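A.B. asks: Mind looking over this structure? Questions follow.
The values are calculated or read from the model by the stated rules, or taken from the named source; none is laboratory data. Model, not experiment: these values are computed from the prediction. Cβ atoms come from the backbone with ideal geometry, glycine included; neighbour counts cover every protein chain shown. Surface accessibility is based on the protein's heavy atoms, side chains included, excluding ligands, DNA and RNA. Shrake-Rupley method; radii C 1.70, N 1.55, O 1.52, S 1.80 Å.
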2 protein chains.
Amino acid sequence: MSDHQEKEQPRRRQARGERRIAQLLQAAASVFCTTGYTAASTNAIAREAGVSPGTLYQFFPNKEAIAIELGDRLMHEMRETYGEALATVDPATPLEQAIETAVDRFIEFNCRRPEFFALMHGPDAPGRIAEAHDALHATLVARVETLLTGFLPDTPAPDVHRVAQVCLGIYKAGLELVLAHEGAEREAYVQELKDVLLRYLTPLTHVARTP
Amino acid sequence: MSDHQEKEQPRRRQARGERRIAQLLQAAASVFCTTGYTAASTNAIAREAGVSPGTLYQFFPNKEAIAIELGDRLMHEMRETYGEALATVDPATPLEQAIETAVDRFIEFNCRRPEFFALMHGPDAPGRIAEAHDALHATLVARVETLLTGFLPDTPAPDVHRVAQVCLGIYKAGLELVLAHEGAEREAYVQELKDVLLRYLTPLTHVARTP
DNA sequence: GACAAACGCGAGTGGTCGCTCGCATTCTGA
DNA sequence: TCAGAATGCGAGCGACCACTCGCGTTTGTC
């Protein structure tokens, strides 16, 4: 039991290889973004990156691994950029400001990296990607739940869970509308999204506020 | 210019043929529902229907035509069941009741025919299906807009348009949650959906209500 | 400079899918 | 009864896709 090397020993990479990987991931992001994961062909990704199919498979064992690595890097960039974006809000701040901050941050990230939405909310997701998606969703639900618990202290847990799910659904729907528009129109949809969430949640806090 | 027959002269069908078509469409609905349009293979549809691939192509010229015909029948059934579901609401009825009725009707239909959601909100849609989807969406937006105009008489048209889009986005998000749950939990999500819409729209009517 | 390893290529392989074709069977109408 | 049309079959065709392989090129190391 001493010699089982679980997975690939990571091949020694030259600087050129790392550059190629970044290039390929950028091409993959572009292709995934326009065609979705399933419809994207590895040949198309290689062509977009200006390399041959064989070169692509020098750095990724299969198509899924490309999406996995891209997803991992996006997730890492997200955490790096915002830290625990939602965790910094404490119940002392008004609900309106909490929504404002959270929505602005996530919208900004999704506008800057549209491939994140394409990968995560895309309909076609093979094994590991679907897992990653579910994991992220579960994390977000849990985070929103703890946040909501601060605002709705007397609401029973199952209800909080449901409200969190609804909030994320609303956010996703709003994000789609936001990404589909530009400039001033986009800003207007962002504001609508905030309004929807605020008006949905405000009455819940009032009900819970009992002396 | 007298003899160009634009499209197919509809072949004379026997009763057996009509039965096969219904059988194939039901199989297609099942397969589309579980795998989505693109991932669904015509062979799988034929197998599900218990016939050979050749038989399938006796009745449909290609894979897209299957989805088109299925979509058409679903649309027809929807109109037949609910008539102009949203048109029957007049501004005299309270907003709450209007939302109640519209949401209940559409939710019921989508629960009874889940393939409708799979076809319409599925990510993969080739030419004509995407067109049908866009047409349906445009119709719904227009309908919701006229409804909203009754409740928000003083709101400018672009704002009404945006609000209608947001309402449909919320509905779609809610529908996904509803379809993902069963029984009492499902009912709870239906109620949340109604609450979201009502709370989102109510302040708009108050603002517009000027003496 | 020499050797090995990493990089790069693109034709090729196996598999799947949409769809066809030749032929057999069943039904319709006279 | 019988010709012709509709129905039914399933092996197979062409296209495409994920992925491989053999071989040539570049890079790091001594």
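A.B. asks: Considering the dipole of the stretch A:143-211 built from charges on the beta carbon (Lys and Arg +1, Asp and Glu -1) around the Cα centre, which of A:V166, A:A180, A:T146 is farthest to its positive end?
C.D. replies: Selected residue: A:T146.
A.B. asks: Let me ask something additional. Go through the stretch B:155-165 residue by residue and turn each phi into a ³J(HN,Hα) via Karplus (6.51, -1.76, 1.60, θ = phi - 60°); whole Hz please, and just put x for glycine and proline.
C.D. replies: Residue by residue, the stretch B:155-165 yields 7, x, 4, x, 5, 4, 4, 5, 4, 4, 4 Hz.
A.B. asks: Given contacts defined as C-alpha pairs under 8 Å and at least six residues apart, what's the relative contact order of chain A, whole-number percent? Walk me through the numbers before you get to the answer.
C.D. replies: Details: 135 pairs, mean separation 41.9, N = 211.
After rounding, I find 20 percent.
A.B. asks: Could I ask something else about it? With axes computed from alpha carbons, what is the tilt in degrees of helix A:63-82 against the longest principal axis of chain A, rounded to the nearest 10 within 0 to 90?
C.D. replies: Helix A:63-82 sits roughly 40 degrees off the main axis of chain A.
A.B. asks: Could you give the dipole magnitude of the protein assembly as shown about its Cα centre, charging the beta-carbon of Lys and Arg +1 and that of Asp and Glu -1, in debye to the nearest 20? Write out the running numbers ahead of the final one.
C.D. replies: Details: 44 positive and 58 negative charges, 275 e Å.
My answer is approximately 1320 debye.
A.B. asks: Ordered by residue, what ³J(HN,Hα) values in Hz, to whole numbers, does the stretch B:47-57 give under the Karplus form 6.51 cos²θ - 1.76 cosθ + 1.60, where θ = phi - 60° and Gly and Pro are x?
C.D. replies: Here the 3J(HN,Hα) series is 4, 4, 7, x, 10, 8, x, x, 4, 4, 7 Hz.
A.B. asks: Here is a further query. How high is the relative contact order of the stretch A:15-60, in percent, counting Cα pairs under 8 Å that sit 6 or more residues apart?
C.D. replies: Numbers: 27 pairs, mean separation 17.4, N = 46.
Dividing the mean separation by the residue count of the stretch A:15-60 yields 38 percent.
A.B. asks: Considering only the other residues whose Cβ falls under 10 Å of the Cβ of A:H121, what net charge follows from Lys and Arg at +1 and Asp and Glu at -1? Before the final figure, lay out the partial values.
C.D. replies: Values: positive: A:K172; negative: A:E176.
Taking every Cβ under 10 Å from that of A:H121, the sum is 0.
A.B. asks: Next up: Under 1.5 on a/c is rounded, so check that first for the protein assembly as shown, then, if it is not, pick prolate when a/b is larger than b/c and oblate when it is not; a ≥ b ≥ c are the square roots of the alpha carbon gyration tensor eigenvalues. If you can, show how the numbers build up before the last one.
C.D. replies: Details: a/c = 1.82, a/b = 1.03, b/c = 1.76.
Oblate shape, in that a/c is at least 1.5 and b/c is the bigger or equal ratio.
A.B. asks: If you plug each phi of the stretch B:12-21 into the Karplus form 6.51 cos²θ - 1.76 cosθ + 1.60 with θ = phi - 60°, what whole-Hz ³J(HN,Hα) values come out, in order, with x for Gly and Pro?
C.D. replies: 5, 9, 8, 4, 4, x, 4, 5, 4, 4
A.B. asks: Taking the Cα centre of chain B as the origin, how large is its charge dipole in debye, to the nearest 20, when only Lys and Arg (+1) and Asp and Glu (-1) carry charge on their Cβ atoms?
C.D. replies: Details: 22 positive and 29 negative charges, 154 e Å.
Using only the charged Cβ atoms, the result is roughly 740 debye.
A.B. asks: Could you work out the mean count of beta carbons from other protein chains within 10 Å of each residue's beta carbon in B:123-129?
C.D. replies: On the way: counts 9, 7, 0, 0, 0, 0, 0.
The shielding value for this peptide is 2.
A.B. asks: Please compute the Kirkwood hydrodynamic radius over chain A, one decimal place, Å, based on all pairs of different Cα atoms. Please list the in-between numbers first.
C.D. replies: Working: mean 1/r = 0.0515 Å⁻¹.
This gives a value of 19.4 Å.
A.B. asks: Per-residue Cβ counts within 10 Å, from other chains only, averaged over B:191-200: what number is that? Each step should come with its number before you reach the end.
C.D. replies: Details: counts 1, 8, 3, 0, 6, 9, 2, 3, 9, 8.
Across the residues of B:191-200, the mean count of other-chain Cβ atoms within 10 Å is 5.
A.B. asks: Turning to a different aspect of this structure: Need one value: the accessible area of A:E48 in square angstrom, 1.4 angstrom probe, rounded to the nearest 10.
C.D. replies: For A:E48, solvent-accessible area is about 110 Å².
A.B. asks: Helix B:127-151 versus the longest principal axis of chain B: what is the Cα-based angle in degrees, 0 to 90, to the nearest 10?
C.D. replies: 20 degrees
A.B. asks: Could you compute the net charge surrounding A:R186? Neighbours are other residues with a C-beta less than 14 Å from the C-beta of A:R186; K and R count +1, D and E count -1. Intermediate results must be reported in sequence, preceding the final value.
C.D. replies: Details: positive: A:R112, A:K194, B:R162; negative: A:D104, A:E108, A:E176, A:E182, A:E185, A:E187, A:E192.
That works out to -4.
A.B. asks: Given axes a ≥ b ≥ c from the Cα gyration tensor, I'd like to know whether the stretch A:15-60 is rounded (a/c under 1.5), prolate (a/b larger than b/c) or oblate.
C.D. replies: Values: a/c = 2.31, a/b = 1.67, b/c = 1.38.
Prolate.
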